[in-house]
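Reviewing the structure listed below.
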Amino acid sequence: MGTVVGTWIAAFLTLCIFSFLYRDNPFYRFAEHTFVGSSVAYLLIQTWYFTIYPKLVLPVLKEGFTQNYLLLIPTILGIMILTRWFPNLRRISWIPISFTVGVGVGLAITGSIQGILIPQLKATIVPIDSWNIVIMIIGVVTTISYFYFSAEHKGILGVSAKVGTIFIMIFFGATFGYTVMARISLLIGRMHFLLHNWLHLI
Amino acid sequence: MHTIIPLAITFFTSLLIIMGFFIPRAPFSDIQQTMLVWVLIISGFAALLGVDSLLRQHIKKITTRSEGWAYSLVLILTFFIVFGLGVFSGVRYGTAFSLASSFMYAYTYGIIPLQATMFSLLAFFITSAAYRAFKARSIDATFLLVAAALVIIGRVPIGGMLWSKLPVIADWILDWPSMTARRGILLGITLGVIGTSLRIMVGIERSYLR
């Protein structure tokens, strides 16, 4: 019974969203606001069960406060961030924001170097043993040269930037095609739900 | 003057994180891990600010009977219903994420279909945008058009049925010319991220203190 009712609710909400293909209408706006409201509530519950409870509440409940007294720091910082509710106290929120930004900056620098810069350079600086490698080296160098704006794109730089544009266009086209396929597969999924799970036509 | 303490906190926090990366031994690695947990906890509190801002705005629309206030009412009601289901399921099952819970029922039959349909709707708009944008007006636009067409046709079964080489060509485009441009852009972005991060770290960029 629960599954049948759930399927009808899901089908109704799916059709409400699809009604936007005709034009903006009350059914679509109803579904849109339902989506926002329910997603925010879901996020809040998720934050409690996957962050606050296991990382802040559970350690204190299990091992006691004296074993986890350091958790008082993020708790105070968390409360400090809520001072943004009071305009004359909002500067207090700069402290936890600075801390969060500091951690983010540290992670961005180390993560970019370790996760992207070095692996991508390593994958580019390889023995030239096939035409694909030649294409790759030309593509990387010319793409980077296109984004070099400290000199006018004239002469060798102009030619290089022009070749880079072609590679960038192929990348955009391929990415677009890939995205279209991903969206179409989602559409097929929703159509399958409506025709199979709901109407039992296929 | 009042920005000195926040800027110092940013500098020393980021320095400790970087030291934790380059010196993967105690106490630096432990400090780094502890800080990451702390940021998660702070972000949990910060989520309350976002929820408050959203609810406050919609409650204002309802009380002032602004245009579309009924939809704001729908948003508020849906929020409290799903939140209530989460709390109730948590009390009843120990966790709201138990598959038998009413909270997961709302997720399965409400949020998932809404999210999937919302994204699938983009299939129509992206196709309509392609119709308008994909006109081979220049050599660059022609490369864009040909690459997109080959990837789309090459990655569906009918592409392989039309010509067995089409899927191979689509994969080659994705693996080589497309990937090289992606790598070039990625390297540029990464250098930009490092540069901007260093600016924030040393306090040149401080727009987050508002």
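The values are calculated or read from the model by the stated rules, or taken from the named source; none is laboratory data. These numbers come from a predicted model, not from an experiment. Neighbour counts run over all protein chains shown; Cβ positions are idealised from the backbone, glycine included. Surface accessibility is based on the protein's heavy atoms, side chains included, excluding ligands, DNA and RNA. Shrake-Rupley method; radii C 1.70, N 1.55, O 1.52, S 1.80 Å.
Annotations
- The mean of 1/r over all pairs of different alpha-carbon atoms in region B:64-210, once inverted, gives a Kirkwood hydrodynamic radius of 21.3 Å.
- Helical mean residue ellipticity (222 nm; -39500 (n - 2.57) per DSSP H run of 4+; nearest 500) of chain B: -26500 deg cm²/dmol
- Based on the Stokes-Einstein relation at 25 °C and a viscosity of 0.890 mPa s, and on the Kirkwood radius from alpha carbon pairs, region A:63-110 is assigned a translational diffusion coefficient of 204 µm²/s.
- Pairwise burial B:A, computed as accessible area of each alone minus the pair, summed, 1.4 Å, Å²: 10000 Å²
- Alpha carbon centroid spacing (whole Å) that separates region A:33-63 from region A:68-96: 19 Å
- A Förster radius of 30 Å, combined with the Cβ-Cβ distance separating A:ILE138 from A:MET191, puts the computed FRET efficiency at roughly 0.10.
- For region B:1-127, the equivalent ellipsoid derived from the Cα gyration tensor has semi-axes of 38, 23, 19 Å, listed largest first.
- Among A:MET181, B:HIS2, A:VAL60 - extreme Cα towards positive end, dipole of the protein assembly as shown, charges at beta-carbon: B:HIS2
- Test item: Cα-centred dipole of region B:65-210, Lys/Arg +1 and Asp/Glu -1 on Cβ, debye: 240 debye
- Charge-dipole axis of the protein assembly as shown as Lys and Arg at +1 and Asp and Glu at -1 on Cβ define it, positive-most pick from B:GLY50, A:ASN25, A:GLY37: A:ASN25
- At least 30 Å along the helix axis (C-alpha) and Kyte average at least -0.5, DSSP helices within chain A: A:26-47, A:155-192
- Eligible lysines near B:LYS165 by straight Cα distance, threshold 26 Å, same-chain separation 8 or greater: B:LYS135
- Computed helical MRE - 222 nm, chain A, DSSP H runs ≥ 4 contributing -39500 (n - 2.57), nearest 500: -22000 deg cm²/dmol
- Compactness of region B:67-122 - radius of gyration and Dmax, Cα, Å: 13.4, 41
- Convex hull volume per residue for the protein assembly as shown, taking Cα atoms only, in Å³: 225 Å³
- Dimensions in Å of region A:128-202 - Rg and Dmax from alpha carbons: 21.1, 65
- Reduced Cα scattering model of chain A, Debye log10 I(q)/I(0), q = 0.08, 0.11, 0.16 Å⁻¹: -0.67, -1.06, -1.08
- Over chain B, relative contact order from alpha-carbon pairs under 8 Å, at least 6 apart, %: 14 percent
- The dipole here belongs to chain A: it is taken about the Cα centre, uses +1 on the Cβ of Lys and Arg and -1 on the Cβ of Asp and Glu, and is about 320 debye.
- Separation of region B:74-98 from region B:108-169 is 39 Å, based on Cα centroids.
- Taken over the Cα atoms of region A:76-171, the convex hull encloses 170 Å³ per residue.
- Compared with the rule-of-thumb size 2.2 N^0.38 Å for a compact globular protein, region B:1-64 has a Cα radius of gyration ratio of 1.69.
- Centre-to-centre separation between the Cα atoms of region A:178-192 and those of region B:1-69: 36 Å.
- Mean separation of Cα contacts under 8 Å, 6 or more apart, over the residue count of region A:1-105: relative contact order %: 11 percent
- Heavy atoms of A:TRP85: accessible area, 1.4 Å probe, square angstrom to 10: 100 Å²
- Screening chain B for whole DSSP H helices of 18 Å or more along their axis (Cα) with average Kyte-Doolittle hydropathy at least -0.5 returns B:4-22, B:28-63, B:69-93, B:112-133, B:139-154, B:177-201.
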